[in-house]
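The structure under discussion appears below in the form of structure tokens.
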Amino acid sequence: MSETTGKRKWVRWSLYGGGALLLIASFFVVRFLTAAGMFTTLTQEVDADCTAIEAVPGPEDIVIDRERRMAFVAATDRRLVQSGEPGSDAVRGGIYVIDMEGASDSWRLRPVTAFEPEDFRPHGIGLYVDATGRRFLHVVNHPARGGHTVEIFEVMEEGLLEHRQTVESDLLVSPNDVQPVSADTFYATNDHGSGTEFGQLIENFFLLSKSNVVYWDGEEARIVAEGISFANGINVSPDGDHVYVAGTIDMKLRIYDREAETGALEMTDSVYLSTGLDNIDVQEDGRLLIGAHPKMTAFLDHASDPAALSPSQVIEVTPHAEGGGEARTLMLDNGEELSGSSVAAGYDGLMLVAGVFEPKILVCSQKAALSAQ
């Protein structure tokens, strides 16, 4: 074979290889953008008849103590944290309470944050009430110093918090949400299996199902569920027999049977809801309210630019005793009323809806016209 012929073959195979790599890369790009909602079109909004409460920036998660008629709000100014501006290292988030007595137009946030830990940037939260009426708030914390913890507080009079314990574990690699099942035990979601920025970028782009759920038994943590693509919100059924986990990237609600003595989980069902699921609120009657992001690409734009609108959605899921259930959209907004919804917490026919960044909380009706999901 002549030298010229050899060069031609090398060029030809290089072109074949480059074309194949380009085709593969294009496949993953389109797959990622499709999953992230780039090609999703919102054809009809669902008005939930909302009014706004002024809030602090980043009221990302809300849980309601329905007996005491108070809502706990976890907030951190995430835009300031990620900006790298002077003072961003010193950002301390907080826990706030909304007293839900009286007319909703009188509701306001008041701070109840404990003085410790000093390095406190709350994320997901969960409330547990024991048989004697003692209340405990568990909080995912992303300290400025690095690492991740779950902080356990006891709820005192007027909703004030007293710090009880800091939980650390090598298995809390990227915790997002937490759901206590006793004063000192909890489930927590890791939204990524990797703790590095590069590893998380790879997981997101290739839609890898590497995230998981860990169970803290009071002494140590262990993985009890895995194979999830961006595990996000977590909650338990009113009877404690089932655990619900929201997948943001794969858009699935996973349902697990729970072994109370060991904390073990067994997945029994999953529901594809065609939107990026975030936090889960469980009503007293067993219905689920889920804050969601129908266009994740818009949410990423909103994260870096407050002027970029990100649609907000609230999904209601009604599980059936014999299996399966019904899902409906209670709210769907193009982002003008609220951008980047992450949570909807319901009480007495109303729901508090908030987002990851915006300094406001919506008070909306759960009885607005429903659209089939």
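The values are calculated or read from the model by the stated rules, or taken from the named source; none is laboratory data. This is a predicted model, so every value here is computed, not measured. All Cβ positions, glycine included, derive from the backbone under ideal geometry; neighbour counts span all protein chains shown. Remember, those area values only see protein heavy atoms, side chains included, never the ligands or the DNA or RNA. Shrake-Rupley method; radii C 1.70, N 1.55, O 1.52, S 1.80 Å.
A compact table of results
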quantity: Residue under evaluation Thr262, criteria (1) over 20 Å from the mean Cα position of the chain (by Cα); (2) open to solvent by less than 10 Å² (accessible area, probe 1.4 Å), criterion not met; calculated: (2)
quantity: Filter pass, Gly233 being under 28 Å from Thr297 (Cβ atoms), of a type in the set (Gly, Ala, Ser), assigned to a strand (DSSP E or B) and open to solvent by 30 Å² or more (accessible area, probe 1.4 Å); calculated: no
quantity: Residues being of a type in the set (Val, Ile, Thr) and either free of Cβ contacts under 8 Å to residues at least 24 places away in the same chain or open to solvent by 10 Å² or more (accessible area, probe 1.4 Å) (or both) - total across region 265-276; calculated: 2
quantity: Pair list, Cβ under 6 Å, 6 or more apart: region 200-215 residue closer than 21 Å to Leu265 by Cβ and modelled with pLDDT under 95, other residue small (Gly, Ala, Ser) and open to solvent by less than 30 Å² (accessible area, probe 1.4 Å); calculated: Ser209/Ser229
quantity: Given (1) surrounded by 22 or more Cβ atoms within 10 Å (Cβ to Cβ); (2) closer than 17 Å to Asp278 by Cα; (3) of a type outside the set (Asp, Glu), index of the condition Asn204 fails; calculated: (1)
quantity: Strands (runs of 3 or more DSSP E) fully within region 81-189 counting 2 or more residues that are over 17 Å from Ala221 (Cβ atoms); calculated: 94-99, 109-111, 122-129, 135-141, 149-155, 161-167
quantity: Hits in region 78-107 (condition: open to solvent by 20 Å² or more (accessible area, probe 1.4 Å), modelled with pLDDT of 95 or more and under 23 Å from the mean Cα position of the chain (by Cα)); calculated: Arg92, Tyr96
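Quick grid of which residues meet (1) over 22 Å from Val73 (Cβ atoms); (2) free of Cβ contacts under 8 Å to residues at least 12 places away in the same chain; (3) part of a strand (DSSP E or B):
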position: Glu226; (1), (2), (3): yes, no, yes
position: Ile249; (1), (2), (3): yes, no, no
position: Asp278; (1), (2), (3): no, no, yes
position: Gly286; (1), (2), (3): yes, no, no
position: Val317; (1), (2), (3): yes, no, yes
position: Gly323; (1), (2), (3): yes, no, no
